[in-house]
1. At q = 0.14, 0.18, 0.27, 0.28 Å⁻¹, what log₁₀ I(q)/I(0) does the range 177-227 have when each alpha carbon counts as one equal point scatterer in the Debye sum?
2. Mind jotting down the distance between the C-alpha centroids of the range 197-269 and the range 341-363, whole Å?
3. Determine the shape class of the range 320-371: with a ≥ b ≥ c the square roots of the Cα gyration tensor eigenvalues, call it rounded for a/c under 1.5, and otherwise prolate if a/b is greater than b/c, oblate otherwise.
4. Could you work out the helix-only [θ] at 222 nm for the chain, with each DSSP H run of four or more residues adding -39,500 (n - 2.57) and the total divided by the number of residues, to the nearest 500 deg cm²/dmol?
5. What list of whole percents do you get for P(r) of the chain, with Cα-Cα distances grouped in 20 Å bins up to the one holding the largest distance?
6. Could you calculate the FRET efficiency of residue 32 with residue 223 from 1/(1 + (r/R0)^6), where r is the beta carbon distance between them and R0 is 56 Å, rounded to 0.05?
7. Once the convex hull of the alpha carbons of the range 282-352 is built, what does its volume come to per residue, in cubic angstrom?
8. Quick one: Cα convex hull volume of the range 133-257, Å³ per residue?
Ligand code: PLP
């Protein structure tokens, strides 16, 4: 089918059929937000967060804990909701630690990760007695020890390791192995352990390895998990230490295109349960608290970004829809180069009979401000309300709201 050939709508919209947001929220329920539309807004659904958390946690081996990666969406309501579901919180700045505490997370359920923690942030973390500071360089370790000395406190840490394996990231988010700003290269762990011996106030609790995001194949997550466990076992032996925590980071993916399938989380959990019975690992795993810290999997699909079509036109033989929203609110497609699915809510509600291919572009003075809708979309008319899906993770706060001084998007909880 050529880009310009309209197609008859034969079937129910793919995303309406398969997407967790539409499984939890009917078009009837959404209609009131469409009818009362005033400006671009992120609509969030708690039901979707609850359901994603359930899918991940139900029948997960009890020794595995879930910490929510706050960076994916730090909205206080989402934090409070996830806290009520019993997860911990992974934070990456003083602001995120404060937000976690405000949402009710207790110190023992908060970790602090990130390659560039400032002295002020480390002082704050130590004062708050967090479960762990995940140390990413030898200099950070030394600074942390000095801060502990000044505060006369001890601090538990995980060492974040940059290993020689990865889980195969498609779009560069974390960046996998090789030269990395994250963590300490595995072949520099000797130096790290030497530096650790000189500290007086630091207790090494375990390791943290997070090297790939947006993984859709259960087997890659599973194999990566084994590789991290084996790394921890080898380090224990080599340095004659005993770990109590392994943090495997996030990375649980969600589909962004019609060709992608949902992560087979049930299969992953089944294999993880077998792993706990595998003699090679069972006695080690029995004493270990294993942590996954997903962001996108918990928050991504709970949010849609709604925006209105201001004008339609044609350029160079292609249909163009100019919308009032754009990358000032939702920069991820331009930043990562990954298209988000878009649906035409008005077109679906009015049961329009044709689909077409459009360039959907925002109001900013840069051609980066485009949403590349790869597949056909219900015919777009002036005044339509479109929804960008998977906007719950790395959406509202990962954008550039100051560019062109447009109004910020609203954030609305619909249930
Ligand atoms: N943990 C850390 C340290 C991260 O940097 C990130 C994302 O960048 C996450 C967890 C969450 O990753 P994801 O959203 O892929 O689950």
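Any read-out appearing in this document is the output of simple, stated calculations on the displayed coordinates, not a laboratory observation. Predicted model only: the values in this text are computed from it and were never measured. Note that each Cβ is placed from the backbone with ideal geometry, even for glycine, and that neighbours are counted across all protein chains shown.
1. -0.53, -0.77, -1.15, -1.19
2. 40
3. prolate
4. -9500 deg cm²/dmol
5. Histogram of Cα-Cα distances, whole percents per bin: 26, 52, 21, 2.
6. 0.75
7. With only Cα atoms used, the range 282-352 gives 191 Å³ per residue.
8. Considering the Cα atoms of the range 133-257, their hull volume per residue is 107 Å³.
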